[in-house]
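The structure appears right after this line, and notes come after that.
The values are calculated or read from the model by the stated rules, or taken from the named source; none is laboratory data. Source: prediction; values computed, not measured. Here the Cβ positions follow ideal geometry from the backbone for every residue, glycine too, while neighbour counts run over all protein chains shown. Heavy atoms of the whole protein, side chains included, go into the accessibility calculation; ligands, DNA and RNA do not. Shrake-Rupley method; radii C 1.70, N 1.55, O 1.52, S 1.80 Å.
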Amino acid sequence: QVQLVESGGGLVQPGGSLRLSCTASGSIVSIFVMAWYRQAPGKQRELVAAIASGGSTDYADSVKGRFTISRDNAKNTAYLQMNSLNPEDTAVYYCNTRPSRLQWGQGTQVTVSS
């Protein structure tokens, strides 16, 4: 079964940036729509951004203009560049397909705080 490993999270001040990575154990990044999701404490998991095999992207309104999703098919890796972070972006970030077909990974914690 394909496994997903997220990395790149951390503690950052408001206005800062982080780049998340999601590496899949199988060659799925080039086949499926890949997406980043996040789950804040006490809230449901929500879609943040998605990228189709053809390169088209889709973003939640709350992150448009600040986050950029990309992928490297050769590395089976999807990325999420996050700029102008604010405390509302604090969450555990996960990647999966869209819709989610794979077992969820551990996620990576992003904390935005001064």
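Observations, loosely collected:
- Of all the residues in region 26-39, those that are in contact with a Leu (Cβ under 8 Å, 6 or more places away or on another chain) and open to solvent by 20 Å² or more (accessible area, probe 1.4 Å) number 1.
- Subset of region 45-67 [among the hydrophobic types (A, V, I, L, M, F, W, C) and either surrounded by 15 or more Cβ atoms within 10 Å (Cβ to Cβ) or part of a strand (DSSP E or B) (or both)]: 47, 48, 49, 50, 51, 60, 63, 67
- Of all residue pairs spaced 6 or more apart or on separate chains, those with beta-carbon atoms under 6 Å, a first member in region 87-114 that is farther than 20 Å from residue 12 by Cα and a second member that is of a type in the set (Ser, Thr, Tyr) are 104/94.
- Members of region 95-114 found to be assigned to a strand (DSSP E or B) and open to solvent by less than 30 Å² (accessible area, probe 1.4 Å), listed by number: 95, 96, 97, 108, 110, 112
- Verdict on residue 74 being open to solvent by less than 70 Å² (accessible area, probe 1.4 Å) and not charged (D, E, K, R): no
- Residues located in region 4-25, provided they are open to solvent by 20 Å² or more (accessible area, probe 1.4 Å) and closer than 7 Å to residue 76 by Cα: 23
- Residue 42 being in a loop (DSSP other than H, G, I, E, B), within 24 Å of residue 114 (Cα to Cα), open to solvent by 50 Å² or more (accessible area, probe 1.4 Å) and not aromatic (Phe, Trp, Tyr): yes
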